[in-house]
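The values are calculated or read from the model by the stated rules, or taken from the named source; none is laboratory data. It should be emphasised that the depicted structure is a prediction, and the values quoted were computed from it without experimental measurement. Note that we place each Cβ from the backbone using ideal geometry, even for glycine, and neighbour counts take in every protein chain shown.
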C-alpha cells in the first residue's frame, strides 16, 4: 500500500513530469481528488504553442548580406536561409514544448497528453511551421474527443505530407494514410481487409494541403465521388464517413484504451481493466478527459504493481531533470542533440508507429549516458554525445563534449534547508525516486565535494538522479 | 576459455567491483559457445549508388540514364564482360580475383520505401514494407541464443535497431577503452556494488544492464589489451572501427556478430567526387580488415556483408547526383565458403523499371536466411518469423 504522499508522487510522475521542489512541498498533503481536479483545471488553461519570431533579427542580417550577392549566390543563400529558418523553428518549438513540460509552476498534464498523442499519431516533419500546427492539433484535442482528434489529424498538413495523402488522387489513389489510420491509429491488425483499405483510400482522395501556407485544402475535383464499399456498407463515402464508421466499432475504443493504459498505467496490459476502460470510452463517445479522470481516481492506479516500473522516455527524463533543478536550455540545438543521443527527438519519431518505449529505450551505451545525464547537464561533466545519425550528413562522425543546461538550485536547497544530512538525504530520496527505493543510501555521501554545504546538497541531489531507480517512474 | 583467463577475469571482477550475485545473468557469461563462425555487417548509410559501384558497363541503357555520371569501361575495374567495379575499389576487385567475393545484384523487397529511415528499419528488422517491427533480425538471433552480453558488438555510440531483440540486445561501444572509462567511473562502480536486491523487475533489469556493461567492458579491455592489429588501418572512422572489430576477433572475446557503418552516401548533388572518396575509404578499411583476418587465419571463419538501405534512381538528376531509389547491389566477403564466387546473378534490368526505379531480383530476407542458416547455424524461420527460402550462397563443409 502506498502512503498518501507516495500516491501523489506517482500521480504527478505519470500525469506530468514530477513536480518542482516548491510544488512538491506545497502539494504533498493534497488529497487525490483535489490533485486530479487541479490537473484538469490547469490543463484547461493551457494556451497553444507560439511562433518563434525572435529569430527574425538573424534572418534580417542574412537578408541584408544577400543584397550584395550575385543572382546565383542569392538563390543558394535563400535556400540556406529557408532551411536554417525551418531548423530554428523546429528546434525552438521542441525546446518550448520541453520547457513547458518542465515549468516549475505547472504539472504540464496537457503537455504530457500531447507527448502521448505524438507517439500515437506519429508524424515526422522537418518543417517548423507545419510542426507548430501539428503540435497545436495535439494540444487542442489532447483531452477532447478522440473522434474529433482523428478527424483533425486527417486534415493536418504535416500528417497529410508524412503519410502521402497529398499523393492520394482520384485517378491514382495512395493507400498509405488509410492503411495506417486503421492499423496504427484506430483499430489494429485483423479488424479490416485490403478492400476496406482500397475503398477507404478513395474516400480520402482530394484531402490535401497547401504546405507553404500550412492549410488543409479539399480538392473537390480530385475527390472520388463514386460509390465505395467500406466494412460492407456501400455509399458515396468521404473521409469523415470513414472515420465515423471505424469508430463505430467498439474495437477502436478497446484499441485506444489499451494504448492509454500501457502508457499511463502499466506496459504489461491487464485485459480485464482495459476491457472496462474501452467500454467506458465507447459509451461516453470517446471522451478522453473522462477516461483519464477514471484512471487517476481509481484504486488500482496506485497499486504497487503499477508504480515505479516504467522506464522514463528520454523527453520525460530531460523534462523531469529540468523541473527538479529549475533548468533550461539557452541553445535549442543542444536540447535536440541530447534527445537524439538518447533516442527520442520530438517531431521525429522513428516511424509512423511511434516510439516503442519500455526496454527499447535502453542499451548499454544509452544507459550509461542516461545515468551520467544529470552530471552532464548540471555539473558540465564531460560527455561523448554523438551528433544525430543524419543520413544526409558527410561521413565524419562528430561528437560534442558538453551539453550544459542552466540550473537554479535555490528552490531545491530551500526545500531541504536546515535539516541534518540524513534527513535531507531522506527527503531528496522521497522526492526524487519511486517509492520502492527505501535505502538510506548513506554511501552517496562519499561522492560529494568537500566544503560548501549548499554545493554538497546540490551534488547529492544530482547523484540521486544518477541512480538507476531515477530512470523509473 | 583458458583457465588462466578465467582466473584473471575473476580477480578482475572481484578486485575492482563487487557485483552482487543476483545481478549475474548466469555463469556461462564469458564461456565460448558457437561454431567458431563470425559475421561482420557493414552498413553504408544514406543509400549507396549500387549502379556506380558494381557497374553494368555493357548496358547502353546505363549510359543513357546516367549521362555524365556514368563510369565507362575504360575507367572501371574489370570484373567480367558485363560488370565491373568502381575505380576506387581495388581491394574489392582483388578479393574478386581470389574468389573471396560474391556480389548479388538488385537486392530489395516488394513495395519499396524511399525514406532513408523507413527503408533502413525494414532492412534492420527484416519486416515487409507493410509491417512495423520493433526488434531487429540480429536482436532476435540473440533472443534465441543465450550467450555473453557482448555476443553481438556494434562499434558505434548507440545500438542499431538491427541488434535490438525482445529480451536481449547487442552491445555498443566505440572502443573497449572508452567504454570502460565511462562505465567504470568510481561513482558507477559504487552504484553497482551498493545495490540491494529490488523486487521491481525494471530496476533489476537496469542494474543488470549496468553490471554486465561494466563487466563486459573490463573483460573486453583485458582480453584485447595485448592485441595489436597486424595490418595498418587507415585513419578514417570506418578504419578505426574495423580495427576495433579485428582486435576483438583476434582476442577471441566470444563475440560472433559485429556491426559497423559508414555514412554520407546520400549523393543528391555532385555525386562523383563524394562517392569516390567514400568508396575509397571503405575499400581501404575493408582491405586492412581482410588482410588482418587472413594473417590470423580467421578469414575462413568470418563473413563480411555490406549493404545499404536502398540504391539510387536509375536516371541521374539535374544536379550531378542521383535521387533515392530501390534495389541495390549487396556483397559478401569470406575465404573458402562461397558457392558462387563472383557475380551471383545477372546485372539489374535497366529496361524494366517502376517509377524510374529498379525492380528487385532478390529479396534481402533470402540473403539473411542463408546467413542465419549457414553462418549462425540457426533455423531462419525462428528469426525471420516466416518461411523465407534461402539462397545457394555458401558451402559450409
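If we scan region A:243-256, do we find a residue that is under 20 Å from residue A:153 (Cβ atoms), modelled with pLDDT under 95, away from chain B (no Cβ under 14 Å) and in a loop (DSSP other than H, G, I, E, B)?
Filtering region A:243-256 for residues under 20 Å from residue A:153 (Cβ atoms) gives A:243-249, A:251-256.
Of the ones still in play, those that are also modelled with pLDDT under 95 are none.
The answer is no; no qualifying residue exists.
On the stretch given as region A:117-163, residues that are in contact with a strand residue (DSSP E or B) (Cβ under 8 Å, 6 or more places away or on another chain) and over 20 Å from residue A:292 (Cβ atoms) total 6.
Among residues belonging to region A:336-353 that are at the interface with chain B (Cβ under 9 Å from one of its Cβ atoms) and part of a loop (DSSP other than H, G, I, E, B), point out the one that is nearest to residue B:157 (Cα to Cα). Here the answer is A:343.
For the subset of region A:361-382 comprising residues that are outside any helix (DSSP H, G or I) and in contact with a strand residue (DSSP E or B) (Cβ under 7 Å, 6 or more places away or on another chain), which member is farthest from the other protein chains (Cβ to nearest Cβ)?
Within region A:361-382, the subset outside any helix (DSSP H, G or I) is A:362-363, A:379-382.
Filter once more, keeping what is in contact with a strand residue (DSSP E or B) (Cβ under 7 Å, 6 or more places away or on another chain): A:362-363.
On the way: A:362: 6, A:363: 4 Å.
Filtering first and then ranking leaves A:362.
Being touching a residue at least 24 places away in the same chain (Cβ under 8 Å), more than 28 Å from the chain's Cα centre (by Cα), surrounded by 15 or more Cβ atoms within 10 Å (Cβ to Cβ) and farther than 18 Å from residue B:286 by Cβ narrows it down to one of B:51, B:69, B:83, so name that one.
Values: B:51 fails: more than 28 Å from the chain's Cα centre (by Cα); B:83 fails: more than 28 Å from the chain's Cα centre (by Cα).
Criteria check complete, one pass: B:69.
Go through the residues of region B:115-127 one by one and say whether even a single one is more than 10 Å from every other protein chain (Cβ to nearest Cβ), surrounded by 22 or more Cβ atoms within 10 Å (Cβ to Cβ), under 17 Å from the mean Cα position of the chain (by Cα) and assigned to a strand (DSSP E or B). No, there is no match, as no residue in region B:115-127 is more than 10 Å from every other protein chain (Cβ to nearest Cβ), surrounded by 22 or more Cβ atoms within 10 Å (Cβ to Cβ), under 17 Å from the mean Cα position of the chain (by Cα) and assigned to a strand (DSSP E or B).
As a summary of the residue check, residue B:190 satisfies the conditions (1) free of Cβ contacts under 8 Å to residues at least 60 places away in the same chain; (2) farther than 21 Å from residue A:309 by Cβ; (3) more than 7 Å from chain A (Cβ to nearest Cβ) except for the one numbered (3).
When you check residue A:342 against the structure, is it without any contact (Cβ under 8 Å) to a residue 60 or more places away in the chain and surrounded by fewer than 22 Cβ atoms within 10 Å (Cβ to Cβ), yes or no?
Values: without any contact (Cβ under 8 Å) to a residue 60 or more places away in the chain: yes; surrounded by fewer than 22 Cβ atoms within 10 Å (Cβ to Cβ): yes.
Against the criterion (without any contact (Cβ under 8 Å) to a residue 60 or more places away in the chain and surrounded by fewer than 22 Cβ atoms within 10 Å (Cβ to Cβ)), residue A:342 qualifies.
Look at residue B:158 and say whether it is surrounded by fewer than 24 Cβ atoms within 10 Å (Cβ to Cβ), at the interface with chain A (Cβ under 8 Å from one of its Cβ atoms) and in a helix (DSSP H, G or I). No, not satisfied.
Regarding residue B:248, is this residue touching a strand residue (DSSP E or B) at 6+ places or on another chain (Cβ under 8 Å), in contact (Cβ under 8 Å) with a residue 12 or more places away in the chain and surrounded by 23 or more Cβ atoms within 10 Å (Cβ to Cβ)? Against the criterion (touching a strand residue (DSSP E or B) at 6+ places or on another chain (Cβ under 8 Å), in contact (Cβ under 8 Å) with a residue 12 or more places away in the chain and surrounded by 23 or more Cβ atoms within 10 Å (Cβ to Cβ)), residue B:248 qualifies.
Going residue by residue through region B:227-239, is there one that turns out to be within 26 Å of the chain's Cα centre (by Cα), within 13 Å of another protein chain (Cβ to nearest Cβ), more than 25 Å from residue A:434 (Cα to Cα) and buried (at least 22 other Cβ atoms within 10 Å of the Cβ)?
To start, the set of residues in region B:227-239 that are within 26 Å of the chain's Cα centre (by Cα) comprises B:227-239.
Filter once more, keeping what is within 13 Å of another protein chain (Cβ to nearest Cβ): B:234-239.
Now narrow it down to the ones that are more than 25 Å from residue A:434 (Cα to Cα): B:234-239.
Filter once more, so that each one left must be buried (at least 22 other Cβ atoms within 10 Å of the Cβ): B:238.
Taking every residue of region B:227-239 in turn, at least one turns out to be within 26 Å of the chain's Cα centre (by Cα), within 13 Å of another protein chain (Cβ to nearest Cβ), more than 25 Å from residue A:434 (Cα to Cα) and buried (at least 22 other Cβ atoms within 10 Å of the Cβ).
Selection of first residues in region A:408-422 that are under 17 Å from residue A:377 (Cβ atoms) and of second residues that are loosely packed, with under 15 Cβ neighbours inside 10 Å, restricted to Cβ pairs under 8 Å at least 6 apart or on distinct chains, gives the following pairs, ordered by first then second residue: A:409/A:454.
Only residues that are part of a helix (DSSP H, G or I) and closer than 24 Å to residue A:442 by Cβ were counted in region B:184-207, giving 12.
Taking residue B:93 as meeting all but one of (1) assigned to a loop (DSSP other than H, G, I, E, B); (2) closer than 26 Å to residue B:240 by Cβ; (3) more than 14 Å from every other protein chain (Cβ to nearest Cβ), write down the number of the exception. Going through the list (1) assigned to a loop (DSSP other than H, G, I, E, B); (2) closer than 26 Å to residue B:240 by Cβ; (3) more than 14 Å from every other protein chain (Cβ to nearest Cβ), residue B:93 breaks only (1). Looking at region A:1-98, the helices (runs of 4 or more DSSP H) lying wholly inside it that each contain 2 or more residues that are in contact with a helix residue (DSSP H, G or I) (Cβ under 8 Å, 6 or more places away or on another chain) and at pLDDT 95 or above sit at A:4-15, A:21-27, A:32-44.
With respect to residue B:216, determine if the residue is more than 7 Å from chain A (Cβ to nearest Cβ), touching a residue at least 40 places away in the same chain (Cβ under 8 Å), buried (at least 22 other Cβ atoms within 10 Å of the Cβ) and more than 15 Å from the chain's Cα centre (by Cα).
The answer is yes for residue B:216.
Residues of region A:322-335 that are in a helix (DSSP H, G or I) and surrounded by fewer than 24 Cβ atoms within 10 Å (Cβ to Cβ): A:332, A:333, A:334. None of B:334, B:306 is in contact (Cβ under 8 Å) with a residue 40 or more places away in the chain, surrounded by 24 or more Cβ atoms within 10 Å (Cβ to Cβ) and closer than 15 Å to residue B:96 by Cα except B:334.
Give the residues of region A:149-175 that are without any contact (Cβ under 8 Å) to a residue 24 or more places away in the chain, touching a helix residue (DSSP H, G or I) at 6+ places or on another chain (Cβ under 7 Å) and in a helix (DSSP H, G or I), sorted by residue number.
Pass one, region A:149-175, residues without any contact (Cβ under 8 Å) to a residue 24 or more places away in the chain: A:152, A:164, A:167, A:171-172.
After this cut, where a residue has to be touching a helix residue (DSSP H, G or I) at 6+ places or on another chain (Cβ under 7 Å) as well, the list is A:152, A:164.
Listed by number, the list holds a single entry, A:152.
Applying the set (1) touching a residue at least 12 places away in the same chain (Cβ under 8 Å); (2) surrounded by 24 or more Cβ atoms within 10 Å (Cβ to Cβ); (3) at the interface with chain A (Cβ under 7 Å from one of its Cβ atoms) to residue B:206 leaves exactly one unmet item: (1). Within region B:128-147, the residues that satisfy the criterion of being out of contact with any strand residue (DSSP E or B) (no Cβ under 8 Å at 6 or more places or on another chain) and surrounded by fewer than 24 Cβ atoms within 10 Å (Cβ to Cβ) are B:128, B:129, B:130, B:131, B:132, B:133, B:143, B:144, B:145, B:146, B:147.
Taking region A:395-473 as the region of interest, the helices (runs of 4 or more DSSP H) fully inside it that hold 3 or more residues being at pLDDT 90 or above, within 14 Å of chain B (Cβ to nearest Cβ) and under 22 Å from residue A:328 (Cα atoms) are A:453-464. If you check A:305, A:318, A:295 for being more than 20 Å from the chain's Cα centre (by Cα), outside any strand (DSSP E or B) and in contact (Cβ under 8 Å) with a residue 12 or more places away in the chain, only one passes: A:305.
Looking at A:178, A:268, which one is within 14 Å of chain B (Cβ to nearest Cβ) and either assigned to a loop (DSSP other than H, G, I, E, B) or touching a strand residue (DSSP E or B) at 6+ places or on another chain (Cβ under 9 Å) (or both)? Outline the logic, then answer.
Numbers: A:178 fails: either assigned to a loop (DSSP other than H, G, I, E, B) or touching a strand residue (DSSP E or B) at 6+ places or on another chain (Cβ under 9 Å) (or both).
Testing whether each residue is within 14 Å of chain B (Cβ to nearest Cβ) and either assigned to a loop (DSSP other than H, G, I, E, B) or touching a strand residue (DSSP E or B) at 6+ places or on another chain (Cβ under 9 Å) (or both) leaves just A:268.
With the condition kept exactly as written, say whether any residue in region A:184-199 is surrounded by 22 or more Cβ atoms within 10 Å (Cβ to Cβ) and within 14 Å of chain B (Cβ to nearest Cβ). Yes, because at least one residue in region A:184-199 is surrounded by 22 or more Cβ atoms within 10 Å (Cβ to Cβ) and within 14 Å of chain B (Cβ to nearest Cβ).
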